[in-house]
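We did not get these values from a lab; they are worked out from the coordinates using the rules stated. Computed from a prediction, not measured in an experiment: that's the story for all the values here. Heads up, the Cβs are rebuilt from the backbone with ideal geometry, glycines too, and the neighbour counts pull from every protein chain shown.
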Amino acid sequence: MHCQRTKRVFKSDKDGYGGDQGGPMLELTYLPNMLESLHGMIPRHISIKTTVNPVVARHPAGRNAGIVSEDTPWVAPGGGNGKRYSIVNSFGAHGGNTTLLLEDAPPSPVASLDNDNNNNNSNDGRHEVVCISAKSKASLRGNVAALLGYLDANPDTQLKDVADTTSARRIHHHIRVAEAVPTTERLREVLRAMTADDAALDNHAFHVAKQKQKVILTFSGQGCFYRSAAAALSEQAPDFADLVVQLDCIVVQLGFPSVRAAVVDRTNPNNSGGNNSPLVTQLALVVLQIALAQYWALIGIMPDAVVGHSPGEYAALCTAGVLSAADALFLVGRRAELTAAACGEPGSHAMLSVRGASQGLLAEVCPPDEFGYEVSCLNGRADTVVSGPRAALDTLRDTLQEKARELKCVLIDVPYAFHSAQLDSVLKDFETAARQRVTFKPPQIPVISPLLGWCVFVSESEPEVIVNETYLRRATRECVDFVSAVGAAATAGLADDTSMWLDVGPHPVCSTFVRNCLGKDTPGVTALPSLRRADDTLAA
């Protein structure tokens, strides 16, 4: 159906295509519609040879509509300045009914060829990416020369057309050259340099691996959060800013305070996460992480597996499809509320990072029973986090620095001793809230579990949901064994020397843990951050 000025007209594109149904039929119907839009003409209905059924004819007439009986110009309203609309519909024999509403695309400004300041020869600051590829270096040189020859023979070619044709309209081979240029003339200069000197072409060319690199998203814990961590990214990437707004709306709808300012607000001169309540800090961290994971997906970075550290595990489970965004944020917010109510004023308990000591060495130098601490996180082969009363940890830190000066002991900036006995009174109520309010689903991608020390896969033979309210209760209280999680990923074939570990958080923390866990066994491991403190955009 086409909207022709104030009257709707109907025609059929299906008659000449036989009996295909479903998706192919919709595509065949869509293509003629594109041609009609391009040529500005609606062709007549070809199947009606005699009189139309009077019942059918009566209804369109009463709705200011009609059937096209002869070729009709399709003119945009408003003297050609408005938009044309069309509905493409396809019925299927299986009962399907698919409909698309189409409209004219925004007009593309075309520079006058008589204007000396056209887009080809002026630099307005915008660059277009032109990509050329081939299966061999010899073919690549030939393709570069061919494009240069075409541009020399067609000097009026628009740079946007070249960029769209070479970058967006084809599947490329693994040997490529890509150049961001502001004008067609600059593109010619680059191509001439490549054709004149093989070394110049070699410097520009790069190989793209045929085998897809495995991507593992790692979601860090609360200790790395700071206020306005994603302010610069939200200013430069509107899609990311929209994701933060959408997630913040969910937070508010759940009855929690808005966290958008904590994630993207630059106005507060004190750029510290300590200004926020534990509730806001934890929600802001998970909102940031879910938004980052969704933004990476928008630009084509899809994870093969996920792993989360402490509160970051909720964002990981959301990314894997185990939890909806609303359920993940509810769990984080509810756990923070219960912790604040049960543990009271922050500061009575703490967490201490001990770098340079394994769990065994730490227990040998300072036995847990004697010094009143318990191990909360195993972040690396020699990177241990312990929790306990603040006074006990002060004594432990002083003793360790006296007995083993090579150790680095740092108190972590968190309000409570997570993964310790301080949270025991929270567990029952938290498990009940998760059971009553949350829907758990099997993961869509593997979840590397620091609690279990193995990977949770999608398995049709084991439909039981492993990640449930009991899992979250245990994860709240028990040790975060990141070392075993990374080892399990390697054992399960999810990670190898070529895998990329992408840290999803405000500052690279888990990427450091990955390197510590893998050690010298995988010297070529790639661990990259999404954001880095004081950086202005995506750090990776």
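When the dipole is taken about the Cα centre of region 349-411, and only Lys, Arg (+1) and Asp, Glu (-1) are charged at their Cβ, what size is it in debye, to the nearest 20? Intermediate results must be reported in sequence, preceding the final value.
Details: 7 positive and 9 negative charges, 54 e Å.
Dipole magnitude for region 349-411 comes out near 260 debye.
Mind ordering 145-151, 85-91, 335-341 by average Cβ neighbours within 10 Å, highest first?
Working: 145-151: 15.1, 85-91: 17.4, 335-341: 19.4.
So the peptides 145-151, 85-91, 335-341, ranked by packing, come out 335-341, 85-91, 145-151.
To make sure I understand, if each residue's beta carbon is the centre and we count other beta carbons within 10 Å, what order do Val504, Val68, Val130 fall in, fewest to most? Don't skip to the end; give the middle numbers.
Details: Val504 29, Val68 18, Val130 22.
With the fewest neighbours first, Val504, Val68, Val130 line up as Val68, Val130, Val504.
Under 18 Å from a label point 7 Å along Cα→Cβ of Asp394: give me every residue in region 407-426 with its amide N that close.
It comes to 409-417, nothing else.
Once you have a ≥ b ≥ c as the square roots of the Cα gyration tensor eigenvalues for region 128-207, tell me rounded if a/c is under 1.5, and otherwise prolate or oblate according to whether a/b is larger than b/c.
Working: a/c = 1.68, a/b = 1.24, b/c = 1.35.
Taking the square roots of the gyration eigenvalues as a ≥ b ≥ c, region 128-207 is oblate.
Which is farthest toward the positive dipole end of region 284-419 among Ala336, Gly321, Ala363, measuring Cα position about the Cα centre, with Cβ charges +1 (Lys, Arg) and -1 (Asp, Glu)?
Gly321
Estimate the FRET efficiency between Arg63 and Ala105 by the formula 1/(1 + (r/R0)^6), using the beta-carbon distance for r and 22 Å for R0, to the nearest 0.05.
Details: r = 28 Å, r/R0 = 1.27.
So, using R0 = 22 Å, E works out to roughly 0.20.
FRET efficiency for Gln246 and Gln444, Cβ-Cβ distance as r, R0 = 22 Å, nearest 0.05? Could the numbers behind the result be given before it?
On the way: r = 20 Å, r/R0 = 0.91.
According to the calculation, E is roughly 0.65.
Hand me the GluC sites (Glu not before Pro) from region 405-505 located in a DSSP loop with no more than 10 other Cβ atoms within 10 Å, in residue order please. Please report the intermediate quantities before stating the final value.
Working: sites: Glu406, Glu431, Glu460, Glu464, Glu469, Glu478; in loops: Glu406, Glu460, Glu464, Glu478.
Hits after loop and neighbour filter: Glu406, Glu460, Glu464.
Order the peptides 241-249, 509-517, 393-401 from the highest to the lowest mean number of other Cβ atoms within 10 Å of their residues.
Values: 241-249: 18.9, 509-517: 22.3, 393-401: 17.0.
Peptide ranking by packing, descending: 509-517, 241-249, 393-401.
Provide the packing ranking of 47-53, 193-199, 353-359, i.e. peptides ordered by the mean count of other C-beta atoms within 10 Å per residue, highest first. Provide the component values of the computation, followed by the final result.
Values: 47-53: 9.0, 193-199: 13.9, 353-359: 18.9.
Per-residue Cβ counts within 10 Å, averaged per peptide and sorted highest first, yield 353-359, 193-199, 47-53.
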